[in-house]
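**Q** Before I ask anything, let me first share the structure, which is written out below as structure tokens.
The values are calculated or read from the model by the stated rules, or taken from the named source; none is laboratory data. What you are looking at is a predicted structure, and each value in this text was computed from that prediction instead of being measured. Note that each Cβ is placed from the backbone with ideal geometry, even for glycine, and that neighbours are counted across all protein chains shown.
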Amino acid sequence: MVVVDASTGVMNALLCKLSKLLEDEYSRLKGVRRQITFLRDELSSMNAVLETLADAEQLDPLKTEWRDKVRELSYDIEDCIDDFADRVGDDRGEELRTGLKGFFSKLRNLKARREIAGEIQQLKIRTVEASERRRRYDFLEPAPRSGASCAIDPRLPALYEDAARLVGIDGPKEHILGWFCKEKEHDDLKVLPIVGSGGLGKTTLANQVYCQLKGQFQCMALVSVSRNPNIQKILRQMLTEFGISGGALDDERQLIDRIRDHLKDKRYLVVIDDVWDVEAWKAIRLALFNNKCGSRIITTTRNAAVASYCSGDSSYVYQMESLNSADSRRLFFKRAFGSEEVCYPHLEEVSNQILAKCGGLPLAIITLSSLLVDKHAKDEWNRVLTAIGSALANDPNAGNMTKILSLSYFDLSHHVRTCLLYLSVFPEDHRVDKQRLISRWVAEGFIHEEQGRSAYEVGKGYFNDLINKNLIQPVDVEYGQPKACRVHDIILDFITCKAAEENFVTLFDSVEHGQASDYRVRRLCVENRNSNKVTIPTSLILSHVRSLTVFGHCMKESLLTFPTLRVLDLGECWELENHHLANIGKLLHLKYLRLGQSRITELPRKIGELRYLETLDIRGTRIQELPPTIARLQRLAHLHVNHMIRFPDSVIGQMQSLEEVEDFGVFSYEQGKCLQEFSQLSKLRTLKVANGWSPDTTKRSHLEVIEGYLGTLLSSCNLRHLYFLDSYGGASLPAYRYPVSLESSCPTDTCILRKLHITYCYIDKVPSWMSLLENLRELNLYMFSMGSEDVAILGAIPSLLFLELRTFFGTNGRIVLAGFRSLKYFDLEIFCCGTLLEFEAGSMPNLEHLKLELRVHKMECLNGASDFGIHRLSTLNNVEISIYGDTDGVYDLYEDITVKCVASRLETAIEKLPNHPALSFLPGGLSPCLHFEKFIESYNRRYGDPTWSIGGCEIEEEYGETSTS
């Protein structure tokens, strides 16, 4: 397997290229073949030594220097070969060239072939020198260690859910809740700082308190600050959590004014996590003023002086302490063995010694216990203990964590280790999208296909491995899988230092430029949040940069400065304009291109020159149409656009390498030609289609396109994941006006679909053919109303694990949920009306997570105060209940007797379940954007029904007076 590695550089890929070069006619030049053979054989031996040195935690300066020079040599040789291939071009077209063009082309190729002979000679000299230097030293060979990639540990989510109990946080949480109770009668704003060293669990504690107090405040937000805060980003996140949006061009003052205006008469709770300095606190504090409504703020920080300043006049600061021995033991064994009590007798003594070395630091305990998962040999535990002992002997403070993290780092396989170091290109507290990260890993050459699995599937295994080892934190977990990750500050500091030592990643900050490197920069990350464009020092050699990532303002350097780029990520680059991409066609080796947050309105025609491009992500641009040359990207596998972008006619069918197309605005085409073309792509695995913005008058014809071509797509492609959504548009919400019929979309061949999402685009009923989707694991539907026939069809899908249903008008009659033999997650939301819903005995025998969002006002007219048969769901671990009330502003949800009765019966039923599931019972309010009156009027005009009933309620009678705001 040809993989790029942080320790060995591109040595493996280079050896393959040298072998291939021996097969080409270029090696027939005098002496060239012999020199290439020598390089391949000598570098092969050096590669073996590099792999051995990669497992040594400490190297003496001589070995370190030799390793670095050989690794850089491998990059230089590969660059030489790639440059030669670019200049020579594809010889298969030479015979077609005639006249002067053909003559001069042959002259250029001949010159290039002569030049490579000279360059190979020089590289051979450098290789001989490195080889002779190695022979002068005795290179020890430590025993290699490797970690295996695996699926996400099922015990890990439970660890996160029970963090308060597992790390001894119950006492601190009750202490802080007691403070809130004591201060409840005070209307003045109160601030509670939590202070402690990194890894003690300050964020976990603040989050537990935050979750406990939900429902007691009108506005709540939790934001993270980081060491180098982006105040505008923090304020925007706060606005988002408050449920309002800031203007795209708003500055700090405007954002602060928006927040203050929103909070002026509301009781709010805000958690500000990881405050590093007073200045950041001052800037955020301007938005969170004392509105005399009994508002509260919680801050976390590692700096006692910052905590004291945040506390203000109260001078109250909560000091985090290390875990006691009992809690440390519980946490350690829960992670290592899956149980708080299990410990094998032969490991009792060594486990106590390891825990003593951890000193009650949760991050250290979790890190070490993760190393020992499923390892029962005493020798393995003693090896970890010995390493800790030597690491902690001299420095009981900051050095401890670095040494402990080194254990986790060197326990990883070389490939996973490389992928971890690559995360150092992202800033602190950055949400790293999993899809984006894995695509970049692939483009860099860190992962390849292996044992029948695609490179992306291998990458997901590496991602899961890093989560299991607690080296990255899962974010936005959906259906048991994280959509993104974050890196803990301590771990990020560690891998940043490692990446710099290996000359693997070079970070350049507009504030702290850091030390100039004599090495050629291989992967460059530029973070420039200042208003001035950053200029890279001339001491850094940029002509061999393979990866460029920019956060903030644009660089002054042209793309021509980076001719060897494989990865160009400008997704968070501000003020990017069309002229910045003028030379994009010259980046012949580019495999990954991402643009966003920019003023880009078009792609240059030269984009078609990027014959190695595999991923193109332009979702964040203002591009409206792609150039015809896009069809020349014959290796493009992943295409991410937005629903406003139009493709040239008959182009999609030519792009036969496409495996994934996301956010494609299919309805910008006439007669659904694009869907016809998608059905021609045999490699297509994932398709996300959006109903683009358009006038209401054309919506119905758009939806008819879905009805006509969905079956063709399911039958003609090897689709695994299919998503349809409505992107809204128009003055009203036409998605509610025009239910879609899917009955005629039955696939004609065996369907291998695993995921199907039809969201914000309502269907009139569940098609009968859906029960035949034997491989379907994940289903998300928006339904006009739900009947017993719909439930019967869904319950018969044999492999369905995750089901989300949104129904606009509740249920038609009494619904008894039966079947669903494999279902693990069920989410049902009913926008209006009550529901005659009941879980039958024996239904959903494997259900673990239940989420219900129901409207229970006047529910007694439907099925009264009931627990819906939840007491029959014996396998539940988590239950989330949201109760919606009337939209009348006078209505008080907390005073509704039916609501209280339903809540009481639900709590009683859930408490009696054998697994004692966690219950989140959150009162809520019916969404104000349903436009009931407009909907009813539109529906009646279309179908001619003056009144009709859903779920036992007459629509006009119950909702005729509802506000349409």
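**Q** Do you know which of the residues in the stretch 352-400 that are of a type in the set (S, T, N, Q) and over 22 Å from Gln58 (Cβ atoms) is modelled with the lowest pLDDT?
**A** Once the filter is applied, the top-ranked residue is Ser370.
**Q** Now a separate question. Regarding Asp79, is this residue at pLDDT 80 or above, within 26 Å of Gly459 (Cβ to Cβ) and either outside any helix (DSSP H, G or I) or outside the structural domain of Ile495 (by TED's automatic domain parsing) (or both)?
**A** Considered against the rule, which asks whether it is at pLDDT 80 or above, within 26 Å of Gly459 (Cβ to Cβ) and either outside any helix (DSSP H, G or I) or outside the structural domain of Ile495 (by TED's automatic domain parsing) (or both), Asp79 comes out as yes.
**Q** Tell me which of these Trp574 doesn't satisfy, since it passes every other one: (1) of a type in the set (Phe, Trp, Tyr); (2) closer than 17 Å to Leu636 by Cα; (3) in contact with a strand residue (DSSP E or B) (Cβ under 9 Å, 6 or more places away or on another chain); (4) surrounded by fewer than 19 Cβ atoms within 10 Å (Cβ to Cβ).
**A** The failed condition is (2).
Here's the yes/no breakdown for (1) buried (at least 18 other Cβ atoms within 10 Å of the Cβ); (2) touching a Ser or Thr at 6+ places or on another chain (Cβ under 9 Å); (3) among the acidic types (Asp, Glu); (4) over 24 Å from Arg566 (Cβ atoms):
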residue	(1), (2), (3), (4)
Arg611	no, no, no, no
Asp617	yes, yes, yes, no
Thr629	yes, no, no, no
Ile652	yes, no, no, yes
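**Q** Identify, please: which residue in the stretch 778-791 is over 20 Å from Ser744 (Cβ atoms) and surrounded by fewer than 19 Cβ atoms within 10 Å (Cβ to Cβ) and is, among those, modelled with the lowest pLDDT?
**A** The extreme case among them is Ser788.
**Q** Next question. Test Leu636 against the criterion of being out of contact with any Asp or Glu (no Cβ under 7 Å at 6 or more places or on another chain), among the aliphatic types (A, V, I, L, M) and outside the structural domain of Asp76 (by TED's automatic domain parsing), and give yes or no.
**A** no
**Q** Just to be sure I understand the filter: pairs with C-beta atoms under 8 Å, separated by 6 or more residues or on different chains, first member in the stretch 296-315 and free of Cβ contacts under 8 Å to residues at least 40 places away in the same chain, second member not aliphatic (A, V, I, L, M). Which pairs pass?
**A** Close Cβ pairs satisfying both conditions: Tyr309/Trp281; Ser315/Ser308.
**Q** Moving to a separate point now. Quick one: how many residues across the stretch 739-760 are modelled with pLDDT under 80 and buried (at least 21 other Cβ atoms within 10 Å of the Cβ)?
**A** Number of matching residues: 1.
**Q** Is it the case, given these coordinates, that Val432 is of a type in the set (Val, Ile, Thr) and either in the same structural domain as Leu53 (by TED's automatic domain parsing) or at pLDDT 90 or above (or both)?
**A** Judged against the criteria, Val432 is a match.
**Q** OK, next. Name the residue, out of Ala287, Ala283, that is of a type outside the set (Asp, Glu) and part of a helix (DSSP H, G or I).
**A** That would be Ala283, the only listed residue that is of a type outside the set (Asp, Glu) and part of a helix (DSSP H, G or I).
**Q** Can you name every residue in the stretch 560-583 that is more than 25 Å from the chain's Cα centre (by Cα) and within 18 Å of Arg440 (Cβ to Cβ)?
**A** Phe562, Thr564
**Q** Would you please name the residue that is nearest to Val278 (Cα to Cα), looking only at residues in the stretch 181-197 that are touching a residue at least 12 places away in the same chain (Cβ under 8 Å) and surrounded by fewer than 18 Cβ atoms within 10 Å (Cβ to Cβ)?
**A** Among those that are touching a residue at least 12 places away in the same chain (Cβ under 8 Å) and surrounded by fewer than 18 Cβ atoms within 10 Å (Cβ to Cβ), it is Ser197.
**Q** Let me ask another. Test Leu286 against the stated conditions and say whether it is in contact (Cβ under 8 Å) with a residue 12 or more places away in the chain and within 26 Å of Ile256 (Cβ to Cβ).
**A** Yes.
**Q** Still on this model: Can you pull out the residues in the stretch 632-650 that are farther than 24 Å from Leu437 by Cα and either at pLDDT 90 or above or surrounded by fewer than 18 Cβ atoms within 10 Å (Cβ to Cβ) (or both)?
**A** Result: Arg632, Met644, Arg646, Pro648, Asp649, Ser650.
**Q** Having 3 or more residues that are at pLDDT 85 or above and more than 22 Å from Lys173 (Cα to Cα) is the bar; report the helices (runs of 4 or more DSSP H) wholly within the stretch 193-275 that clear it.
**A** The helices (runs of 4 or more DSSP H) meeting that bar are 231-241, 252-263.
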